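The values are calculated or read from the model by the stated rules, or taken from the named source; none is laboratory data. Predicted model only: the values in this text are computed from it and were never measured. Positions of Cβ are generated from backbone atoms using ideal geometry, with glycine treated the same way; all protein chains shown enter the neighbour counts. Keep in mind that these areas ignore ligands, DNA and RNA; they rest on the heavy atoms of the full protein, side chains included. Shrake-Rupley method; radii C 1.70, N 1.55, O 1.52, S 1.80 Å.
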Amino acid sequence: LYAVLTLITAWVLHLMALNAFAGEYAVGLLMVAALNGAVIRSPTALARLGAATIGGLAAAAMAVPAPRVSPWLVAGHLALVLAGCVVIARGRRDTARDLAASQTRFRAIFDHAAVGVALHDDSGRVLE
């Protein structure tokens with residue numbers, strides 16, 4: 001999956017260079033970065049892909065003598081999108097960790113209670 005996302009990002013960067021940093025390709029790059037943030041769960045992998053994207057953006061900017069949109073503007077927006085995605089990925093990771101800890105505590109209380117404890121559904125049927 002990372003390879004596909006990297007190829008898509010590289011393709012959009014190539015199109016940006018071919019079209020002199022046209023605004024629609026800049027928006028496309030930001031959308032691809034946001035898609036990467038939605039798909040990639042690891043903050044570290046997302047940061048790596050973001051750094052590679054910004055590096056590719058710099059390389060594309062050097063290849064275009066007269067860009068239609070400022071590469072600095074695109075890089076700034078890209079950095080904001082990527083930073084937001086990393087924060088969201090960290091939040092998802094921390095939430096999953098907290099949920100697992102909560103489930104472990106619940107299971108320990110349920111299994112080692114001094115009195116009888118039953119877990120039932122909404123209709124009153126005993127599950128455990």
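Annotations
- Residues (more than 27 Å from Thr95 (Cα to Cα) and either open to solvent by 70 Å² or more (accessible area, probe 1.4 Å) or among the aromatic types (Phe, Trp, Tyr) (or both)) located in segment 7-60: Leu7, Trp11, His14, Leu18, Phe21, Glu24, Tyr25, Val27
- Yes/no for Ala118 being assigned to a loop (DSSP other than H, G, I, E, B) and at negative phi: yes
- Some residue of segment 73-94 being over 23 Å from the mean Cα position of the chain (by Cα) and surrounded by 10 or more Cβ atoms within 10 Å (Cβ to Cβ): no
- Candidates Val81, Val69, filtered to the one that is part of a loop (DSSP other than H, G, I, E, B) and closer than 14 Å to Val12 by Cβ: Val69
- When every residue of segment 22-32 is checked against the conditions, at least one turns out to be modelled with pLDDT under 90, more than 17 Å from the chain's Cα centre (by Cα), assigned to a loop (DSSP other than H, G, I, E, B) and among the small types (Gly, Ala, Ser).
- Inter-residue pairs, beta-carbon under 6 Å, first without any contact (Cβ under 8 Å) to a residue 40 or more places away in the chain and in segment 19-41, second of a type outside the set (Asp, Glu) and surrounded by fewer than 17 Cβ atoms within 10 Å (Cβ to Cβ), 6+ apart: Tyr25/Leu15; Tyr25/Asn19; Val32/Ile8
- Check on Arg125, among the basic types (Lys, Arg), modelled with pLDDT under 90 and either in contact with a Gly (Cβ under 7 Å, 6 or more places away or on another chain) or more than 24 Å from Leu1 (Cα to Cα) (or both): yes
- Screening Thr53 on (1) over 23 Å from Asn19 (Cα atoms); (2) assigned to a helix (DSSP H, G or I) shows it passes everything except condition (1).
- For segment 107-126, taking the residues that are open to solvent by 100 Å² or more (accessible area, probe 1.4 Å) and among the hydrophobic types (A, V, I, L, M, F, W, C), the one that is nearest to Arg41 (Cα to Cα) is identified as Ile109.
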